[in-house]
Every structure is written in structure tokens, then in C-alpha cells.
Amino acid sequence: MQLKAKNISGSKYTSEDILQVTLDLEGEKVITCNHSIELISGVDVTHGGGAEPLQLLNYTKPDFNGDVDPTNIQMHVKQLSKGVSTIKVCATVFTEEANVRYEEAKTENGTEEEFEAMLQSEYGWNPDDDTFWDDVVPEGVQWTPVSFEDYLVRLKTGELEISWSDDEFV
């Protein structure tokens, strides 16, 4: 997947710009896609009507089939004061393929309750008494929940420079 952006509206004499953001999905089917900006340097910038940098917003709308198409969106950005800002557009994408892997991992990993039941049956661990974990459960045996975050694809564009300044009388 590849994320790209360019400025399509605005000028150096206004605080607001509109970016066209494209996402090449390379055949992947998207369940959700949220966008944000990252401020690299310069004056503060918001997006989507006032969202802070790194705050995710959904710029896409499902079509009549419920499908999400984040391949071409427009993002409004606004500089909060005059000056130059360098930003990147960011996207956090969750695909159908990632969802399958996530669900498989959750099934394989089991729940915390299933893990505790295994500890009780295999190691005699009793959560209701004062038995210390280290005395009963061998080192390295632990349950770690599967994190949804691990299955998200995070993308960034190259750096975009936007500016807001005054013209001078000549």
C-alpha cells in the first residue's frame, strides 16, 4: 500500500488548504481507514475542521454496499498562525486480510479465562489462595492478549510544505 498527497487548493495568502490524498490499496479490501496529519516542523496545523495532529478522523463514507473507498479523499488543513509548516498525511488502515489474521490469532491464543483454566488444571494454580505465581507457574508461561493494534497498517506520505503569509505593497 502506498499513501500520497498533494495540495489542490489554497495559497500562501490564506490559512486554509485542501489536500488530495490517494491510497493505492494494491488489491486489498479495506474495512476501516482513518487519516491524520503529523506536524514535522513549523506553526501548528489542524485538519478536518479542528482536529489536532495525530488525531484520527474518518474521511471516508461507505457506499451503498457498505464498502469503504479511501483511495481518493480531500483533507482540509488549516495553519493556526502565519508561517511555514511541514506536515505528513497519515493513514491507519484495517484490511479484510488483517481481520482474518487477527481473528485467527485470537482463536489460537484463547481467552484469559481459558489460560487461567489451563494453569489450574496443568499447574495446580489457585487464584484464590496466597500461592505466589513464581512458585507454581514455570518461567515463560504467560498469557498475552492479542492486540488489534498489531494488525493495523500505518502509512505516511512524504513531507508537504504549506505556508501562510502576507503580501507586501509595491
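Read the figures in this text as sums done on the coordinates, not as results from a lab. This one's a predicted model, so the numbers in the text were calculated from it and none came from an experiment. No Cβ is skipped: glycine too gets one built from the backbone with ideal geometry, and neighbour counts run over all protein chains shown.
For this structure, a couple of remarks:
- A cut-off of 5 Å between modelled amide H atoms, ignoring neighbours fewer than 5 places along the same chain, links ILE40 with THR86, ILE87, LYS88.
- For TRP125, the residues whose amide H sits under 5 Å from its own are GLN120, ignoring neighbours fewer than 5 places away on the same chain, with H placed 1.01 Å from N.
- Among the listed pairs LYS4/LYS29; LYS4/LYS88; LYS12/LYS61; LYS12/LYS156; LYS29/LYS61; LYS29/LYS88, those beyond 20 Å (Cα-Cα): LYS12/LYS61; LYS12/LYS156; LYS29/LYS88
- Backbone N within region 1-29 under 11 Å of label point (7 Å from LYS82 Cα along the Cβ vector): 13-14
- With helices as the sole contributors, the chain gives -5000 deg cm²/dmol at 222 nm; each DSSP H run of n ≥ 4 counts as -39500 (n - 2.57), and the sum is divided by every residue.
- Rounded to whole Hz, the Karplus (6.51, -1.76, 1.60) HN-Hα couplings of region 12-28, x for glycine and proline: 6, 9, 10, 7, 10, 9, 10, 9, 9, 10, 10, 10, 8, 7, 6, x, 6
- Under the convention that each Lys and Arg Cβ holds +1 and each Asp and Glu Cβ holds -1, the size of the dipole of region 64-170 around its Cα centre is about 1020 debye.
- Histogrammed with a bin width of 5 Å, the alpha carbon distances of the chain distribute as 1, 8, 13, 14, 11, 9, 8, 7, 7, 7, 6, 4, 2, 1, 0, 0, 0, 0 percent, first bin at zero.
- The Cα atoms of region 43-107 cover 51, 29, 16 Å along the three principal axes, with the biggest extent listed first.
- Note that region 110-121 has calculated 3J(HN,Hα) couplings of x, 8, 5, 5, 5, 5, 5, 5, 5, 4, 5, 6 Hz, one per residue in order, obtained from phi through the Karplus relation 6.51 cos²θ - 1.76 cosθ + 1.60 (θ = phi - 60°); glycine and proline are x.
- Positive-pole candidate from LEU56, SER9, ALA105, dipole of region 1-130, charges at beta carbon: SER9
- The SER11 and SER147 beta-carbon pair, evaluated with R₀ = 45 Å, returns a calculated FRET efficiency of approximately 0.55.
- Rounded to the nearest Hz, the phi-derived 3J(HN,Hα) couplings of region 40-57 under the Karplus curve 6.51 cos²θ - 1.76 cosθ + 1.60 (θ = phi - 60°) are 8, 7, x, 6, 4, 9, 10, 9, x, x, x, 6, 5, x, 6, 7, 7, 10, where x marks glycine and proline.
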